[in-house]
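A.B. asks: Please see the structure below; I have some questions.
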Amino acid sequence: MKYLSTRGAPERKRFCEILLEGLAPDGGLYLPESYPQVDDATLTKWRGLSYADLAFEILALYIDDIPAEDLRAICRKTYTEEVFGTEAIVPLKKLEDGFYLEALSNGPTLAFKDMAMQLLGHLFEYELGRRGEELNILGATSGDTGSAAEYAMRGKQGVRVFMTSPHGRMSPFQQAQMFSLQDANIHNLAVQGVFDDCQDIVKAVSNDLDFKRRYKIGTVNSINWARLVAQVVYYFAGYFQATQRNAEQVSFAVPSGNFGNVCAGHVARMMGLPIDKLVVATNENDVLDEFFRTGVYRVRGSADTHETSSPSMDISKASNFERFVFDLLGRDGAKVRALFGEQLGRTGRFDLGADPAFAQARARYGFVSGKSTHANRLATIRDTFERFGVMIDTHTADGVKVAREHLRAGVPMIVLETALPIKFAATIVEALGREPDRPAKFLGIEALPKRVTVVQADVQVVKDYIARHCA
């Protein structure tokens, strides 16, 4: 299996080469040369597998430079009941006939990012040990990626984490999860700006090839293909739980900011998983909803990025979106480079509304979309709790609200739960008048000592910090 850049560079690389790399040297994102196809017999064989063994089967289609038994051992070490609290790992929760939540938030940091990040931690440690090398991970988080990465990498041999986050923009619980870690290999940088400033810094550092090579910079953001392919697994797992026969279709509704989570669904669908619709649910930062409605992709500046009660989706530049546009435009790297590498930087937007390919976003690829507001979130949290006795977080509420707008008779709808309610307690109290349940291990976390450095939204400032702490 070889990987190529969405921006057309001629080089082809193996999985373990791109595992530690992040962005391609030309600024593009890596994708496989082709998507492995899964037939009826394979789906039947996979139905009875444990989550860990299902993960091995899917990942083995994309990873052929790690011995099979080593990869299987990594999957079995990652996806355990001890780590994820349940044998099923991602159990479906039925709300009503044909409408489910897929529980992705049972991991160490109570958010879906653990599903991929726990695997990534083991893959990094394995490959770095095999090479006798070190890696400095630079990441950006709007809330959940950071804590998932830090909990996955803490104490790992050969790995340091430098995690940027928007200063004061995460929930108190999210901040406490990250900033209370005292491990020497974990560095938290609170950037005076919004998430997109953090993401821009990560991309700028990744595009400085000399600095990247000198300090061995890698990434755990969803621009890293290894993270995205790990997320493909739970689409298959959800499908098998919601159906009995391979002829049945399901739809998935996915709260979306950076497009990584739903892009994994796109990959699963391209592999042959019988997915009817991929429902993209945004909050007030609706850059993705605007695209799927109009064909216009228009990034917003910091001043126009709303601070909302589903803060992990307060994103106006969907960094994974380039992967889908690459497929949408027939894998034309030159076109993608012109749009993302040139036009976006020049004008902040592009318009595919008149391109015949745009109609295929819905017809061929199954994408539909919608948006949710704070009032919608409160109403959805309240309705779900009153009718079903189930408490959901604010991002999952966005997914539930938009999912209901795209129901189709006879096609089960699976909403991907993205976090537990405790991470966004203030909004839960506003909606329900009561505090959400808190796992015992997180009691009093907000009062723990914090280890964080506030920095300007400046690429050089972050580079200097990394250089000082890698000496």
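The values are calculated or read from the model by the stated rules, or taken from the named source; none is laboratory data. This one's a predicted model, so the numbers in the text were calculated from it and none came from an experiment. Backbone-built Cβ (ideal geometry, glycine too); neighbour counts: all protein chains shown.
A.B. asks: Look through 354, 334 and report the one residue that is out of contact with any Pro (no Cβ under 8 Å at 6 or more places or on another chain), surrounded by fewer than 19 Cβ atoms within 10 Å (Cβ to Cβ) and touching a residue at least 60 places away in the same chain (Cβ under 8 Å). Reasoning before the result, please.
C.D. replies: Working: 354 fails: touching a residue at least 60 places away in the same chain (Cβ under 8 Å).
Testing whether each residue is out of contact with any Pro (no Cβ under 8 Å at 6 or more places or on another chain), surrounded by fewer than 19 Cβ atoms within 10 Å (Cβ to Cβ) and touching a residue at least 60 places away in the same chain (Cβ under 8 Å) leaves just 334.
A.B. asks: It is to be established whether one or more residues within the stretch 249-271 are basic (Lys, Arg) and assigned to a helix (DSSP H, G or I). Explain how you work it out, then say what you get.
C.D. replies: The first filter runs over the stretch 249-271 and keeps only residues basic (Lys, Arg), leaving 269.
Adding the requirement that they be assigned to a helix (DSSP H, G or I) leaves 269.
Yes: the stretch 249-271 contains one or more residues that are basic (Lys, Arg) and assigned to a helix (DSSP H, G or I).
A.B. asks: Residue 368: within 16 Å of residue 102 (Cα to Cα), touching a residue at least 60 places away in the same chain (Cβ under 8 Å) and within 23 Å of the chain's Cα centre (by Cα), yes or no? Talk me through it step by step, then tell me what you get.
C.D. replies: On the way: within 16 Å of residue 102 (Cα to Cα): no; touching a residue at least 60 places away in the same chain (Cβ under 8 Å): yes; within 23 Å of the chain's Cα centre (by Cα): yes.
The answer is no for residue 368.
A.B. asks: Now for a separate question. Those residues that are part of a loop (DSSP other than H, G, I, E, B) and basic (Lys, Arg), I need them from the stretch 313-372; list them, please. Write out each step before concluding.
C.D. replies: Residues of the stretch 313-372 that are part of a loop (DSSP other than H, G, I, E, B), as a first pass: 314-320, 329-332, 348, 352-355, 364-366, 372.
Across the stretch 313-372, the qualifying residues are 317, 331, 364.
A.B. asks: Identify all residues within the stretch 28-60 that are touching a residue at least 40 places away in the same chain (Cβ under 8 Å), part of a loop (DSSP other than H, G, I, E, B) and more than 19 Å from the chain's Cα centre (by Cα); write none if there are none.
C.D. replies: 35, 36, 37, 38, 39, 47
A.B. asks: Can you tell me which residue in the stretch 19-31 is farthest from residue 322 (Cα to Cα), limited to those that are modelled with pLDDT of 95 or more and touching a strand residue (DSSP E or B) at 6+ places or on another chain (Cβ under 6 Å)?
C.D. replies: 30
A.B. asks: Can you work out which of the residues in the stretch 415-471 that are of a type in the set (S, T, N, Q) and loosely packed, with under 15 Cβ neighbours inside 10 Å is farthest from residue 91 (Cα to Cα)? Give the derivation first.
C.D. replies: Quick first cut of the stretch 415-471, residues of a type in the set (S, T, N, Q) only: 418, 427, 453, 456, 460.
Narrowing further to those that are loosely packed, with under 15 Cβ neighbours inside 10 Å: 453, 456, 460.
Working: 453: 38, 456: 42, 460: 44 Å.
Checked the stretch 415-471; the qualifying residue farthest from residue 91 (Cα to Cα) is 460.
A.B. asks: Do we find that residue 339 is surrounded by 15 or more Cβ atoms within 10 Å (Cβ to Cβ), over 30 Å from residue 170 (Cβ atoms) and aliphatic (A, V, I, L, M) in this structure?
C.D. replies: Details: surrounded by 15 or more Cβ atoms within 10 Å (Cβ to Cβ): yes; over 30 Å from residue 170 (Cβ atoms): yes; aliphatic (A, V, I, L, M): yes.
Yes: the conditions hold for residue 339.
A.B. asks: A further question on this structure: Evaluate the stretch 393-401: report whether one residue or more is outside any strand (DSSP E or B), crowded, with 17+ Cβ neighbours inside 10 Å, touching a Ser or Thr at 6+ places or on another chain (Cβ under 7 Å) and small (Gly, Ala, Ser).
C.D. replies: Scanning the stretch 393-401, I find at least one residue that is outside any strand (DSSP E or B), crowded, with 17+ Cβ neighbours inside 10 Å, touching a Ser or Thr at 6+ places or on another chain (Cβ under 7 Å) and small (Gly, Ala, Ser), so the answer is yes.
For every residue, the table says whether it meets (1) closer than 23 Å to residue 79 by Cα; (2) out of contact with any Cys (no Cβ under 7 Å at 6 or more places or on another chain); (3) surrounded by 19 or more Cβ atoms within 10 Å (Cβ to Cβ); (4) among the charged types (D, E, K, R).
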position: 97; (1), (2), (3), (4): no, yes, no, yes
position: 101; (1), (2), (3), (4): yes, yes, yes, no
position: 107; (1), (2), (3), (4): yes, yes, yes, no
position: 110; (1), (2), (3), (4): yes, yes, yes, no
position: 124; (1), (2), (3), (4): yes, yes, yes, no
position: 127; (1), (2), (3), (4): yes, no, yes, yes
position: 134; (1), (2), (3), (4): no, yes, no, yes
position: 140; (1), (2), (3), (4): no, no, yes, no
position: 145; (1), (2), (3), (4): yes, yes, yes, no
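A.B. asks: Just give me the residues in the stretch 452-469 being touching a helix residue (DSSP H, G or I) at 6+ places or on another chain (Cβ under 6 Å) and within 27 Å of residue 310 (Cβ to Cβ), in sequence order.
C.D. replies: 452, 455, 457, 462
A.B. asks: Kindly evaluate residue 316 against the criterion of being more than 24 Å from residue 203 (Cα to Cα), touching a residue at least 60 places away in the same chain (Cβ under 8 Å) and touching an Asp or Glu at 6+ places or on another chain (Cβ under 9 Å). Before the answer, list the steps.
C.D. replies: Values: more than 24 Å from residue 203 (Cα to Cα): no; touching a residue at least 60 places away in the same chain (Cβ under 8 Å): yes; touching an Asp or Glu at 6+ places or on another chain (Cβ under 9 Å): yes.
Taking the combined requirement at face value, the residue does not satisfy it.
A.B. asks: Filter the stretch 191-200 down to the residues that are touching a Lys or Arg at 6+ places or on another chain (Cβ under 9 Å) and buried (at least 22 other Cβ atoms within 10 Å of the Cβ), then identify the one that is farthest from residue 158 (Cα to Cα).
C.D. replies: 194
A.B. asks: When you go through 310, 369, 302 one by one, which is the residue that is closer than 22 Å to residue 192 by Cα and surrounded by 19 or more Cβ atoms within 10 Å (Cβ to Cβ)? If you could, list the steps in order and put the result at the bottom.
C.D. replies: Details: 369 fails: closer than 22 Å to residue 192 by Cα; 302 fails: surrounded by 19 or more Cβ atoms within 10 Å (Cβ to Cβ).
So the residue among 310, 369, 302 that is closer than 22 Å to residue 192 by Cα and surrounded by 19 or more Cβ atoms within 10 Å (Cβ to Cβ) is 310.
Let's see how each residue does on (1) modelled with pLDDT of 95 or more; (2) closer than 26 Å to residue 83 by Cβ:
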| site | (1), (2) |
| --- | --- |
| 428 | yes, yes |
| 433 | yes, no |
| 443 | no, yes |
| 451 | yes, yes |
| 455 | yes, no |
| 460 | yes, no |
| 463 | yes, no |
| 466 | yes, no |
| 470 | no, no |
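A.B. asks: Additional query: Looking at residue 322, is it in contact (Cβ under 8 Å) with a residue 40 or more places away in the chain and touching an Asp or Glu at 6+ places or on another chain (Cβ under 8 Å)? Even if it seems obvious, please write down each step before you answer.
C.D. replies: Working: in contact (Cβ under 8 Å) with a residue 40 or more places away in the chain: yes; touching an Asp or Glu at 6+ places or on another chain (Cβ under 8 Å): no.
Considered against the rule, which asks whether it is in contact (Cβ under 8 Å) with a residue 40 or more places away in the chain and touching an Asp or Glu at 6+ places or on another chain (Cβ under 8 Å), residue 322 comes out as no.
A.B. asks: From the list 247, 264, pick out the single residue that is closer than 29 Å to residue 196 by Cα and free of Cβ contacts under 8 Å to residues at least 40 places away in the same chain. Quick ask: steps written out before the conclusion?
C.D. replies: Working: 247 fails: closer than 29 Å to residue 196 by Cα.
Matching residue, one of 247, 264: 264.
A.B. asks: Regarding residue 7, is this residue buried (at least 20 other Cβ atoms within 10 Å of the Cβ), more than 21 Å from residue 236 (Cα to Cα) and basic (Lys, Arg)?
C.D. replies: On the way: buried (at least 20 other Cβ atoms within 10 Å of the Cβ): yes; more than 21 Å from residue 236 (Cα to Cα): yes; basic (Lys, Arg): yes.
Against the criterion (buried (at least 20 other Cβ atoms within 10 Å of the Cβ), more than 21 Å from residue 236 (Cα to Cα) and basic (Lys, Arg)), residue 7 qualifies.
A.B. asks: In this structure, does residue 378 turn out to be among the aliphatic types (A, V, I, L, M) and farther than 19 Å from residue 256 by Cα?
C.D. replies: Numbers: among the aliphatic types (A, V, I, L, M): yes; farther than 19 Å from residue 256 by Cα: no.
No, not satisfied.
A.B. asks: Ok, one more. So in the stretch 258-280, with the set limited to residues that are touching a Ser or Thr at 6+ places or on another chain (Cβ under 7 Å) and within 16 Å of residue 224 (Cα to Cα), which one is modelled with the lowest pLDDT?
C.D. replies: In this case the residue turns out to be 258.
A.B. asks: Being among the β-branched types (Val, Ile, Thr) and out of contact with any helix residue (DSSP H, G or I) (no Cβ under 6 Å at 6 or more places or on another chain) is the filter; apply it to the stretch 19-51 and report the residue that is surrounded by the fewest Cβ atoms within 10 Å (Cβ to Cβ). So that I can check it myself, show each step before the final result.
C.D. replies: First pass over the stretch 19-51, keeping only residues among the β-branched types (Val, Ile, Thr): 38, 42, 44.
Next, from what is left, pick out any that are out of contact with any helix residue (DSSP H, G or I) (no Cβ under 6 Å at 6 or more places or on another chain): 42, 44.
Values: 42: 16, 44: 11.
Checking each candidate, the answer is 44.
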